[in-house]
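Single-structure report; data block below.
The values are calculated or read from the model by the stated rules, or taken from the named source; none is laboratory data. Since the structure is predicted, the reported quantities are computational estimates derived from the model, not experimental observations. Using ideal geometry, Cβ is built from the backbone for each residue, glycine included, and neighbour counts are taken over all protein chains shown. Accessible surface areas use protein heavy atoms only, side chains included; no ligands, DNA or RNA. Shrake-Rupley method; radii C 1.70, N 1.55, O 1.52, S 1.80 Å.
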Amino acid sequence: MTRRTAPRKGGRWIERWEPEDETFWKETGEKTARRNLVYSVLSEHIGFSIWSLWSVMVLFMGPAYGIDPAGKFFLIATATCVGALVRIPYTFAVARFGGRNWTVVSALLLLAPTSAAWLVMEPGTSYGTFLLVAALTGVGGGNFASSMTNINAFFPLRKKGWALGLNAGGGNIGVPVVQLAALLVIAVAGAGHPRLLLGAYLPLIVIAATLAALRMDNLAPVRNDTGAVREAVRDAHTWIMAFLYIGTFGSFIGYSFAFGLVLQTQFGRTPLQAASLTFIGPLLGSLIRPVGGALADRFGGARITLGTFVAMAAATTVVILASVRESLTVFLVGFVALFVLSGLGNGSTYKMIPGIFQAKALARGMSGVDAAAYGRRLSGASMGLIGAVGALGGLGINLVFREAFLDAGSGTAAFVTFLAFYAVCCALTWAVYLRRPSRAMISTAGTEAQPQLTSV
């Protein structure tokens, strides 16, 4: 469907964008989409690093800071919570200001929490001040929502699993990168020099914003659509997918933020020892996210998602046994497996979103082109809600850890809670998206009924 709009001034605006048109895609669309993807990944990557900053700042906070493990978990939870909530307005900022323009603004906003942390990171600072600065880092979590909404609009449905997986995976990898950077600082300069890490990120933020301004584009056909928002809010699949995303992304970000502190608190690791292990899981989980999207493109997102949740339940069982027996080696194996599996699930669940809405449009008798446009419209509106609710899972994980350590000094009870949750996710995925009557209900009976649609 061709959509033309009046030319705009004050930015790089593309007036015509038809990614489902194969001729348009081959001639101009693919090159432009890939270029925007590259710089979107860079900006989102820095955003994730800043959002997860307090997962490593707590490793620098020795006894002189006077903050116990429960207090440190709450600092991390505060950053997680704010990062989840700001995803909703960030999603709609793309249509309001343009994807390129908002990428520049959202990157520059990262200067505020990074500079604030640089100013306050020393013993004697009040806990309330640390909480405020941790809350500021939440703006980095919002970058994910705007970036994913923007890239979703650039790519055709058949490419979305790969593109969204690569975009999100490149962003997610900001978590292990900041953890590796913290390891380097602790190893070389000691745990008393967190400002070295913070100072290194300030110029990187400016570079990401500058490159986005010079190399990215705005899509004029993308508009704020309050009707789409209302429809997405009323659609049960928005909230079902949000719940499943708690299990995948909520696990990834929650474990990423808590991993180092769990190693210190439960297994008595020093800051350097914890930092030397913390990055491994998030790194592998980030790298494998595009694989989850690609597998979903080929085999169907629901199949990959269900398999992921089953495997996550098994890995959690391993972690529980290792926690009870106090076996660090087995614990690390199980925990790293959880990261890898959550990365796969992140890719497959996000691929499902546009496929579900396009399948519903086809069931209503829309043509292929109109159904694709409807899928982009509804999935773009729902992604902010799904991403926000999913990220709140990270808040839940850190709060559950906090209570477990307060009550028993161990994370075992927390992992039992997570195991029960993954069991619910397995049942829900099967019942709604794989059980044959439910699949027929939303006309997503899979490759048998819709050979051209392998997204759900």
Among the residues listed as Thr238, Thr210, the single one being touching a Ser or Thr at 6+ places or on another chain (Cβ under 8 Å) and either under 23 Å from Lys360 (Cβ atoms) or open to solvent by 10 Å² or more (accessible area, probe 1.4 Å) (or both): Thr238
Close pairs from the stretch 419-430: first more than 16 Å from Val318 (Cβ to Cβ) and open to solvent by 50 Å² or more (accessible area, probe 1.4 Å), partner at pLDDT 95 or above and in a helix (DSSP H, G or I), Cβ under 6 Å, at least 6 apart: Trp430/Leu306
Any hit, the stretch 115-124, residues being surrounded by 21 or more Cβ atoms within 10 Å (Cβ to Cβ) and not β-branched (Val, Ile, Thr): yes
Which listed residue, of Ala388, Ala361, is without any contact (Cβ under 8 Å) to a residue 40 or more places away in the chain, open to solvent by less than 10 Å² (accessible area, probe 1.4 Å) and in a helix (DSSP H, G or I): Ala361
Qualifying residue in the stretch 313-333 (condition: under 23 Å from Lys159 (Cα atoms) and aliphatic (A, V, I, L, M)): no
Selection from the stretch 237-262 of residues that are of a type in the set (A, V, I, L, M) and at pLDDT below 90: Ile253, Ala258, Leu261, Val262
Conditions (1) closer than 23 Å to Asn36 by Cβ; (2) in contact with a His (Cβ under 8 Å, 6 or more places away or on another chain): number failed by Val185: (1)
